[in-house]
Amino acid sequence: MAGSITVSEARQDFAEVVNRVAYGKERVTVVRRGRDLVAIVPMSDVLLLEAIEDELDLASAREALADADQTPRIPWTELRARLGR
């Protein structure tokens, strides 16, 4: 069951697929019409991906803040005047 299975195989053997992924730490790709559609992966994989995404988001935020520190500021009253309000 490791590797890839079709949607109909996944539907028919869903409980078995879930058990193999959850307890056997297998990764299963579900295929439809010869194309990879989704993957069923252990929660540990999902948590790792989320932690990586969080780190990337944090790095992007830090970079944006560093750029903002170097950007000249315009007081609100001046900006409002420039916009004609």
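Which FRET efficiency value, to the nearest 0.05, do you get for residue 15 and residue 38 by plugging their Cβ-Cβ distance into 1/(1 + (r/R0)^6) with R0 = 25 Å?
0.90
For the chain, find the longest principal axis of its Cα atoms and tell me its angle to the long axis of helix 14-24, 0 to 90°, nearest 10.
70
Could you calculate the contour length gain from residue 52 to residue 80, that is, 0.36 nm times the residue separation minus the distance between their Cα atoms, to one decimal place in nm?
Difference between extended and current length: 6.0 nm.
Under a Cβ-Cβ cut-off of 12 Å, what is the net charge of the residues other than residue 46 that fall near it, where Lys and Arg count +1 and Asp and Glu count -1? Mind showing how you got there, number by number?
On the way: positive: 27; negative: 45, 50, 53.
Combined, the nearby Lys, Arg, Asp and Glu give -2.
Angle between the Cα long axis of helix 43-70 and the longest principal axis of the chain, 0 to 90 degrees, nearest 10?
Approximately 10 degrees, to the nearest ten.
Roughly how big is the chain's charge dipole about its Cα centre, with Cβ charges of +1 (Lys, Arg) and -1 (Asp, Glu), in debye to the nearest 20?
Dipole magnitude for the chain comes out near 500 debye.
Between residue 67 and residue 22, 0.36 nm times their residue separation minus their Cα-Cα distance comes to what?
Length gained, residue 67 through residue 22: 11.9 nm.
Which is farthest toward the positive dipole end of the stretch 12-85 among 24, 41, 68, measuring Cα position about the Cα centre, with Cβ charges +1 (Lys, Arg) and -1 (Asp, Glu)?
About the Cα centre, the residue reaching furthest to the positive side is 68.
For the stretch 72-78, take each phi angle, set θ = phi - 60°, evaluate the Karplus expression 6.51 cos²θ - 1.76 cosθ + 1.60, and give the result in whole Hz per residue in order, putting x for glycine and proline.
Couplings: x, 8, 10, x, 4, 5, 5 Hz.
FYI, it's all coordinate maths here, none of it is from the lab. Model, not experiment: these values are computed from the prediction. All Cβ positions, glycine included, derive from the backbone under ideal geometry; neighbour counts span all protein chains shown.
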